[in-house]
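The values are calculated or read from the model by the stated rules, or taken from the named source; none is laboratory data. All figures in this text were calculated on a predicted structure; none of them were measured in a lab. Ideal geometry is used to build each Cβ from the backbone, glycine not excepted, and the neighbour counts take in all protein chains shown.
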Amino acid sequence: MRRDVRTVRQAWEISDRLFADDRFAFVAEPAGIEPVLRQFTSGAAAFTPKVWQYAYLAAFAIKADLSFVTFDGCFSRFKELSLNLLL
C-alpha cells in the first residue's frame, strides 16, 4: 500500500468521517448468520483468511437482506447473494 498506509489515528478519523456521512450506515450482525457461514465454509479445502472473509461478508449480506457491491468476481459463487458486480 506504500504511501496509502494510514496510522491508527488516521484510520479512526476516516471511520468517523464515513459514519458522519449519510450515505453510509452501520448494520449490526444479523441473527441466523452462523448456519449460512458454516454452509459457505464447510466445503473449503483450506481455511484461508480470504475464504473466511468472503464467506462472512456474503452470509452477512444474505441474512441482513442487503445488496452486495464489489469488483471481485469471486462473490458470484454465492448464489443466494444479491450481487452487484462492477466491471
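This table checks each residue for (1) surrounded by 10 or more Cβ atoms within 10 Å (Cβ to Cβ); (2) in contact with a strand residue (DSSP E or B) (Cβ under 7 Å, 6 or more places away or on another chain); (3) aromatic (Phe, Trp, Tyr).
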position	(1), (2), (3)
Ala20	no, no, no
Ala25	no, no, no
Gln39	yes, no, no
Ser42	no, no, no
Ala45	no, no, no
Pro49	no, no, no
Tyr56	yes, no, yes
Ser76	yes, yes, no
Inset, instruction - Scan (1) touching a residue at least 24 places away in the same chain (Cβ under 8 Å); (2) assigned to a loop (DSSP other than H, G, I, E, B); (3) not hydroxyl-bearing (Ser, Thr, Tyr) for the single condition Phe40 breaks and write down its number. - result: (2)
Inset, instruction - Please state which of the following conditions Asp72 fails to meet, knowing it meets all the rest: (1) out of contact with any Leu (no Cβ under 6 Å at 6 or more places or on another chain); (2) in contact (Cβ under 8 Å) with a residue 24 or more places away in the chain; (3) surrounded by 11 or more Cβ atoms within 10 Å (Cβ to Cβ); (4) of a type outside the set (S, T, N, Q). - result: (2)
Inset, instruction - Assess whether Ala55 counts as being touching a residue at least 24 places away in the same chain (Cβ under 8 Å) and aliphatic (A, V, I, L, M). - result: no
Inset, instruction - Please state which of the following conditions Pro35 fails to meet, knowing it meets all the rest: (1) exposed (fewer than 11 other Cβ atoms within 10 Å of the Cβ); (2) farther than 25 Å from Asn84 by Cα; (3) at pLDDT 95 or above. - result: (2)
Inset, instruction - Of all residues in segment 34-51, count the ones that are within 16 Å of Phe75 (Cβ to Cβ) and under 16 Å from the mean Cα position of the chain (by Cα). - result: 8
